[in-house]
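Here is the structure we will look at.
The values are calculated or read from the model by the stated rules, or taken from the named source; none is laboratory data. Keep in mind the model is a prediction, meaning the values are calculated, not measured. Note: ideal-geometry Cβ built from the backbone for every residue, glycine included; neighbour counts use all protein chains shown.
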Amino acid sequence: MTKLIVDTGPLVALIDRRDQFHAWARDFFETVNAPIFSCEPVLTEACFILRQVGGHDAILALSARRILLTEFTVIGEVGAVRGLMQRFADVPMSLADACLVRMTELEADSAVVTIDSDFTVYRRHRRQVIPTIMPV
């Protein structure tokens, strides 16, 4: 079974009905089984973006209900995360994106759920394309 690793964009789209990808995110998340995985930098970004519409609590509720798990720790992978951010500095790569790429390196059978086209540029283990699930 492929481990789903979710980026900020799909979480925001799921919660914010005004988001252009809301229907896609809603339909996608209705088809997957919990848990899905992410990292704390993604939660931070999503809560910040959704604060104006009151959606930050919905993001935290996904974690509280263990639908969204954030077991990855930056401190445990800081060397690898720093290396990724340096390698993709010209993109540039955010901390959240670096964590997600690292998560795919640690879990071979994984895919990133994202709306961010930068994931078509990023590579895991230097040369491997990162499997992604994106709106078409």
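Restrict the check to the range 33-50 and report whether at least one residue is more than 17 Å from the chain's Cα centre (by Cα) and over 16 Å from Thr114 (Cα atoms).
No, that holds for no residue.
Which of (1) surrounded by fewer than 16 Cβ atoms within 10 Å (Cβ to Cβ); (2) touching a strand residue (DSSP E or B) at 6+ places or on another chain (Cβ under 8 Å) does Val53 not meet, given it meets every other one?
(2)
Residue-by-condition table, conditions (1) farther than 14 Å from Val129 by Cα; (2) surrounded by fewer than 18 Cβ atoms within 10 Å (Cβ to Cβ); (3) touching a strand residue (DSSP E or B) at 6+ places or on another chain (Cβ under 6 Å); (4) at pLDDT below 95:
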site: Val78; (1), (2), (3), (4): yes, yes, no, no
site: Gly83; (1), (2), (3), (4): yes, yes, no, no
site: Arg87; (1), (2), (3), (4): yes, yes, no, no
site: Met93; (1), (2), (3), (4): yes, no, no, no
site: Arg102; (1), (2), (3), (4): no, no, no, no
site: Glu107; (1), (2), (3), (4): no, yes, yes, no
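Does Arg17 meet the test of being surrounded by fewer than 19 Cβ atoms within 10 Å (Cβ to Cβ), touching a residue at least 24 places away in the same chain (Cβ under 8 Å) and over 20 Å from Val129 (Cα atoms)?
Judged against the criteria, Arg17 is not a match.
Suppose we keep only residues that are under 17 Å from the mean Cα position of the chain (by Cα) and either crowded, with 17+ Cβ neighbours inside 10 Å or of a type outside the set (D, E, K, R) (or both) within the range 20-31. Which one would you say is farthest from Val136 (Cα to Cα)?
It comes out as Phe29.
Kindly evaluate Arg102 against the criterion of being more than 21 Å from Asn33 (Cα to Cα), out of contact with any Asp or Glu (no Cβ under 6 Å at 6 or more places or on another chain) and not acidic (Asp, Glu). Write out each step before concluding.
Details: more than 21 Å from Asn33 (Cα to Cα): yes; out of contact with any Asp or Glu (no Cβ under 6 Å at 6 or more places or on another chain): no; not acidic (Asp, Glu): yes.
Judged against the criteria, Arg102 is not a match.
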